[in-house]
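Structure first, then comments.
The values are calculated or read from the model by the stated rules, or taken from the named source; none is laboratory data. No experiment lies behind these values; they were computed from the predicted model shown. Cβ atoms come from the backbone with ideal geometry, glycine included; neighbour counts cover every protein chain shown.
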Amino acid sequence: MKHLRAANKKARHIDDMIVMRKTAAPDGDVVALQNPTQPQARPHVPMGCTLSFSPGWEVDSAGGTAGLCQPVERDIYDCYVTCFWPAQVPDHLNNSMDWANKCAAATKDWRNLDLVFP
Amino acid sequence: MTAADTRVYRLDEFHKFKGGERSFLYLVPAGAIFEVDDAVAWILDRLNGNEVPHDQLVDELSAKGLLFGDAEELIYEMREAHVIASGETVLEPLENPPADFPLQSLVLNLTNQCNLSCHYCYEFGEDKVATPAGKPKFMDLETARASVEFLLEQSTGRRAVHITFFGGETLMNFPLLKNVVAYATERAAALGKSIDFSLTTNATLLTPAIIEFLSDNRIGVTVSMDGPKEMQDKLRVFSNGKGSYDIIEPKVRALIQNHRTRPITARVTLTSGVTDVIRIYRHLKNDLGFHEIGFAPVTTSPNRLYAINERGMDSVLDQFHTLAQEWLEFALRGEMHGFSNVSDTVAELVQGVNKSHPCGAALGLVGVGPSGDIAPCHRFVDSDTHSLGNISTGIDREKQQDFLGRGHIDTKYDCHSCFARPLCAGGCHHEAFVRYGDTGHANLHYCDWIRNWTNTCLEIYGAVSAQNPEFLRIFAERKAA
């Protein structure tokens, strides 16, 4: 930190924690299920449930459980276009066609998915 | 618009101190120490007795010449480190140590017999808690070995364990001590653990052969000794009233000269009339050559003749400060001073300990009496009231939980507003029992004294941290009590 110099072991723990938290989420921002130790967004792999012909809650596209519908931010986004799952997301056919325009990579840009008021 | 806009800041809980001309904060709920710059100091002054909204604070900092981003960052750092707070703060209870906390140290009271009759002795004196009637006076080999096995078995996950030999007078059962050292060393090695030993003695029974054994086996030695002849002989006497100084003086010299593998420590009990700390220190350090000297006021109910009164304690504290300054001068030169009251506290500050209990008693440490009875520590050995079971049947978990529940800092309401609580945690269980009849009572009779001393140690820590931080590395490895 800039103004507080850690002078014992406990203080260094606190310092590390604050720096980590700051890198993961800028001040005042919403923190979802990002991994704070890996703040860099990983590539968005569209593995929506419909692609695997089975509801994503039980198995993923590879038949395992590693790529289920999480984190939630990706799940919400995927439900919007690719998935039949009746999640409460805006309807992309008629009323909110540009809802996800600012969200190119969901793991990075999910903050841009806003509420809609039809 | 972010959530920060609506925050109203006030000071959180910390203790401010100076060290080596710099400003530090001791963040009490964590035990963390931070050095702070002028900008932080300005905010602390600004919030002293005031509550200030976020935006106003940013504006005021901007008016002082800080860029907007810098002001936000400064406030962010202070808020996240809990130097300042907004909204309600709730005292977060310290977590309970796990119920199966592994043992690290065992204190073996090899005997409850002693060849001295020190008036203030907590084992035999007027305030004793021990009830030795009908119990063995000397520990036998079987009990000692069972105790070693108990330690090794109950120290799950620990690589290094420790045995302290205690008494009565420990050396009255030296044959057993020798046997235990050999047995425990072999058993620990077989299990891939390392083990070390220490003992406390009054030094009256030391012989060249014993000293050689202690040195060869790297056994740490603490000598209970109160100072030069007239002070030592005041209360540390044989049963016929004769002082013990003349007997132990040559033996102590021989011990220090010939035991070269571990530092030799003196442990001084301060009593009414034995409060000349500096003279005692000089005698034990310079004349006799002890490596380290630790002082503790006698544990006593307040009306005993040897209890130190308030004025006496003030004088003790003044002298502690003088020695503490010397300690600092040594530390800044990179040398170790022998005043262990400072060294021990500094070792805890390096780690930033934040204790749920004042010491390891009944947690990582237990005492075992000659009968095999398990006690929270050596001071409670042979006391039926405080027994936690027997070595043959193991620790009575219910009694242990009761003892630990009483001693937990959360139950000591008087401590909750005190900045010294991460280190003190209410003070010695045994002292509390002698004073207040309850092991879980905070030792309120020495609060001011503890706070003053803690502040002194913090100032020293700050100065060393600012001017010779490398020196603190020595303590990083030292076991925090």
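Counting only residues that are within 7 Å of chain B (Cβ to nearest Cβ) and touching a strand residue (DSSP E or B) at 6+ places or on another chain (Cβ under 7 Å), region A:1-16 holds 9 of them. Across region B:323-360, the number of residues qualifying as within 28 Å of B:Tyr413 (Cβ to Cβ) and away from chain A (no Cβ under 14 Å) comes to 7.
Scanning region B:159-173 for residues that are surrounded by fewer than 17 Cβ atoms within 10 Å (Cβ to Cβ) and among the small types (Gly, Ala, Ser) yields a count of 1. Against the list (1) within 14 Å of chain A (Cβ to nearest Cβ); (2) over 22 Å from the mean Cα position of the chain (by Cα); (3) not acidic (Asp, Glu), the condition B:Leu94 fails is (2).
Here B:Glu88 fulfils each of the conditions (1) acidic (Asp, Glu); (2) under 25 Å from B:Arg406 (Cα atoms); (3) without any contact (Cβ under 8 Å) to a residue 12 or more places away in the chain apart from (2).
Pairs please, first residue from region B:401-424 and outside any helix (DSSP H, G or I), second anywhere and among the charged types (D, E, K, R), Cβ atoms under 9 Å, 6+ apart in sequence or on different chains. If the second residue must be among the charged types (D, E, K, R), the pairs left are B:Lys412/B:Arg421; B:Cys418/B:Arg451; B:Phe419/B:Glu13; B:Phe419/B:Arg451; B:Ala420/B:Arg451.
Just one of (1) crowded, with 20+ Cβ neighbours inside 10 Å; (2) without any contact (Cβ under 8 Å) to a residue 60 or more places away in the chain fails for B:Lys229. It is (1).
Any residue that is over 22 Å from B:Phe17 (Cβ atoms) and in contact with a His (Cβ under 6 Å, 6 or more places away or on another chain) - is there at least one of those in region B:53-61? Scanning region B:53-61 turns up no residue that is over 22 Å from B:Phe17 (Cβ atoms) and in contact with a His (Cβ under 6 Å, 6 or more places away or on another chain). From the list B:Thr131, B:Thr156, B:Thr143, the one residue that fits, being closer than 21 Å to B:Ile195 by Cβ and either loosely packed, with under 15 Cβ neighbours inside 10 Å or among the basic types (Lys, Arg) (or both), is B:Thr156. Buried (at least 20 other Cβ atoms within 10 Å of the Cβ) and part of a loop (DSSP other than H, G, I, E, B): is that true of B:Gly462 in this structure? So B:Gly462 does not fit the description; no. Taking the conditions (1) over 30 Å from B:Lys128 (Cα atoms); (2) surrounded by 21 or more Cβ atoms within 10 Å (Cβ to Cβ) in turn, B:Arg260 satisfies each one other than (2). The set of residues from region B:434-451 being surrounded by 15 or more Cβ atoms within 10 Å (Cβ to Cβ) and either part of a helix (DSSP H, G or I) or within 14 Å of the chain's Cα centre (by Cα) (or both) comprises B:Val434, B:Arg435, B:Tyr436, B:Leu444, B:His445, B:Tyr446, B:Cys447, B:Trp449, B:Ile450, B:Arg451.
Here B:Gly312 fulfils each of the conditions (1) small (Gly, Ala, Ser); (2) within 14 Å of chain A (Cβ to nearest Cβ); (3) surrounded by fewer than 19 Cβ atoms within 10 Å (Cβ to Cβ) apart from (2).
Looking at region B:72-79, can you tell me whether even one residue there is farther than 24 Å from A:Val19 by Cα and either at pLDDT below 95 or within 14 Å of chain A (Cβ to nearest Cβ) (or both)? No: region B:72-79 contains no residue that is farther than 24 Å from A:Val19 by Cα and either at pLDDT below 95 or within 14 Å of chain A (Cβ to nearest Cβ) (or both).
Listed by position, the helices (runs of 4 or more DSSP H) inside region B:240-350 whose residues that are free of Cβ contacts under 8 Å to residues at least 60 places away in the same chain and under 23 Å from the mean Cα position of the chain (by Cα) number at least 2 are B:277-282, B:310-332.
For region B:180-226, the candidate set comprises residues that are of a type in the set (Asp, Glu) and under 22 Å from B:His291 (Cβ atoms); within that set, the residue that is surrounded by the most Cβ atoms within 10 Å (Cβ to Cβ) is B:Asp226.
Of all residues in region B:404-433, exactly one satisfies the criterion of being over 18 Å from the mean Cα position of the chain (by Cα) and buried (at least 23 other Cβ atoms within 10 Å of the Cβ), namely B:Lys412.
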